[in-house]
Each structure stands twice: as C-alpha cells, then as structure tokens.
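Structure record follows, encoded as structure tokens.
The values are calculated or read from the model by the stated rules, or taken from the named source; none is laboratory data. Worth saying up front: this structure is predicted, and the values here are computed from it rather than measured. Counting neighbours? That spans all protein chains shown, and the Cβs are built from the backbone with ideal geometry, glycine included.
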Amino acid sequence: MTAHWSPHPRYRLYTTPASYLSPLTRHENAVEQFEAEVCHRFDVAAAVCVPMARSGIYLTLLETIQPGQKVVMSPLTIVDVVNAVILAGGVPVFADICRESCGLNPDQTDSLIDGTTGAVLVTHLHGQTAGAHTLHEICTRRGVPLIEDTAQAFGAVEDGRHLGTIGEAGIYSFGFFKHLTAWRGGMVVSDDKNVIERIRRRVQQLAHVPRRKLMAAGLSGLLVDLGTWPPLFSKITYPVVQRNLPSLHRRLDPEAGQSRREAFPEDYLRAMRPWQATLALQQLSRLEDDTRARQARAEAYHEGLAGLAEIIKPSRTADRSNIYTYFPIQIRNRREALLHAQKHGRDFAAQHLRNCADLPDFREFYRDCPAARAASAELVLLPTYPRYPLIEVQRNVAVLREFLK
C-alpha cells in the first residue's frame, strides 16, 4: 500500500508580497502600459483591458455578430460564456470536443457552419491549444471570424503565434486564480484596431471596480495564501477538506449554482483600475520562468503515467503550445479515484466545468456531445504550479497507479 503523505495544496496563488503592496505604488497610465506591453510581447496590433474575460467575450461578440446569428462553440466551458453569447444576441451552436485537447472538434465545427453563422468561439482549456490555426483555416475558408477564449492559456504559443492572436480577436483573463492575476480583469487583443477601439469606447463608459471590492479580493488573497501555506495546510486546512463537507465543496466549485441570465450583470461591467494593471505588469517578467516550471512538472506526470490506457492525458509537447496551467487527466470512476487519493493524503480535484449542451437552462440549444459529456464527468486537474514540489508529482502518480491496479 502507498504511504500516507502530508499533501501540498491543489493550487496556490501566483502572488508575492509585492502583490499586496500594489495599491500603494504609483501607477499612472498603468492600464495603457499593460496594453502596450502585451501588444509588444505578443506581436498583436491592439489591446484593451476589460472587466473580466467573460465581459471581453460579450463585448467582442457585440462588435462581431449580428443579433440572431449563430456562434459555434464548445459546450465544455463555464455557464457564463454561454450567457455572454446569448446576451450579445448570438445563438449557441454546440460542437463536440476532441478528448485529448478538450478543444473544438474541427470536422464537427466545419460541418456546423452555415450562412447564418456569425462566429466560431474556440476555448483553449488548461493552457493547451485547441488547434487555433486549423480552426482559423476553416473559418477563413467559410468566411466567418474566429474568436479565441484564451482565459486559461495566456502566454501559450502555437506555430510561432500566441494563442489569442491567431483568430480575429482573443480574450485573456487575469482573475483571482489565474497564473497572471490582477485580482480580476481581462483583455481583448486583435489585429483589427477598429474593433478594439469600438470596445474601448464601451469600456470608457463603465464605472471602475469599487475599491472596497478589490481590497476585499486582496484580503481574500492573503487568507488563501495563509491557508495554502504547506505547513499550515497539512495540519489545519487539509483535515477540513478531508471531511468533504457539502458547503465546502460548493465553495470550491465556482460553477455551483450558475444558471442562465436574463441580463449581463452590472458587476461584470466594471472597468479595470490602474493599480490592477500595475499588479499584472509586475508579473509579466515571470511568465516564461513560470511556464518552464509547469512544463517540468507536466513532463514528470507524462513519464509517471505513461502506459496507462485507463487515463486520457493532454498532448506532450516540447514547445509552448501547452503551458500546463494544470495537468488534466480523464479517468473513469473519478469520484472513487479522488476518494482514494484523499485517503492517501493527496489533494487534487475534479474539473468544475459542465457539459453546457446537457444543462436544462440551455435545452433549446441542445446537441448530443458525447465527448464533452464524458470529459465533464472524468476530468481531474493535477497540480503544476511553480511552487509545487516535484516529489509531490511523483506521489500523485504513485497513488493513481495504485488505484488503477
């Protein structure tokens, strides 16, 4: 039997002491500087900071599609992405996914495009490309724009182009748990400067995020940092997690209770403050080092889980087409696997995404997407964050191998 180890947490914030001092620093023109720096690093013509990634998708669709046009999209996404499509006037058309990448199936995407299609929305999950160049070729041939939801893949590169810059527009997220955080916020990038300027005019009409909300986010960050500090986590936080309290599970599942919306929430339409951009700028210099650290952990997972036909793993790449924000695996009997791991002192979790094509709130848009349905029931996220010790990766592998004996 595998030994019972004291675990490191499933995630840690990408924060430093400087993150909590950001409100005290000077940040004149920081939003503009952040936009310019991303344009420079990603070789894209224009960028605009937006309240959140889901707000960026909503605002981009308002400038891209006509009311009533179809938007071909993955059903394996957060509920609010589907809400953003609907509230922007679009009609969601769910295309099934490829199991390994969890991205849109190109053949099915191509077959679903017709004369009423206004856009294709691709979602790059877990830091891995969903095959943006292939999808862009399809969209170009069929005469529809490709919009990239790159909320989980900021910094990933496919064939020399950063994800988010391959289609007609790309959207990034700088939310609380992202690998580049501004506590909340996002960005839209495009080589079409006119689209970006139209979105910018909309953003300029928005009030800023309330200071108290950002200060509360900073305080929450401090508490999360403290609660996931390994010496404290193993002795206090993890024993609480092991009790599997329903209330705690709901708090750890950001999609719990999400539903179809009748209007875009006012809270989603709050402009980024300059000190949020300052916080994001401080982290840009670490982007490459953090990616290399995650890739090293992913390589250890690939080696350790090799030969296990019962597990679907992400692609194994030597480039940055997968920056492994997590190491996602798909495993049958997910609940039993997680309970076994927890019994042996491991802390990793199920992916929270639902197959939105099956949700009652979106029944009018139902399509049978068996691959997305299976992935939503089987996905487990293994930790890869830079502070996660490699010995912990090896222990995760040992516990998973034992479960599959």
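Annotations
- The listed residue being among the hydrophobic types (A, V, I, L, M, F, W, C), surrounded by fewer than 18 Cβ atoms within 10 Å (Cβ to Cβ), touching a strand residue (DSSP E or B) at 6+ places or on another chain (Cβ under 9 Å) and not in a helix (DSSP H, G or I), out of LEU180, LEU206: LEU206
- Screening SER111 with (1) without any contact (Cβ under 8 Å) to a residue 60 or more places away in the chain; (2) part of a helix (DSSP H, G or I); (3) crowded, with 20+ Cβ neighbours inside 10 Å gives one miss only, at (3).
- The range 394-405 residues that are closer than 10 Å to ARG346 by Cα and touching a residue at least 60 places away in the same chain (Cβ under 8 Å), paired with ones that are in a loop (DSSP other than H, G, I, E, B) and of a type outside the set (A, V, I, L, M) (beta carbon under 7 Å, 6 or more apart): ARG395/TRP5; ARG395/ARG346; ASN396/ARG346; ASN396/PHE348; VAL399/THR2; VAL399/HIS344; VAL399/ARG346
- Residue check, GLU158 among the charged types (D, E, K, R) and in contact with a Ser or Thr (Cβ under 7 Å, 6 or more places away or on another chain): yes
- Pair list, Cβ under 7 Å, 6 or more apart: the range 183-212 residue within 17 Å of GLU37 (Cβ to Cβ), other residue at pLDDT 95 or above and of a type in the set (S, T, N, Q): GLY186/SER55; GLY186/SER173; VAL188/THR60; VAL189/THR165; ILE196/SER190
- Selection within the range 122-134 - more than 10 Å from the chain's Cα centre (by Cα) and surrounded by fewer than 24 Cβ atoms within 10 Å (Cβ to Cβ): GLY131, HIS133, THR134
- Total residues in the range 301-325 satisfying the condition of being surrounded by fewer than 19 Cβ atoms within 10 Å (Cβ to Cβ) and in a helix (DSSP H, G or I): the figure is 3.
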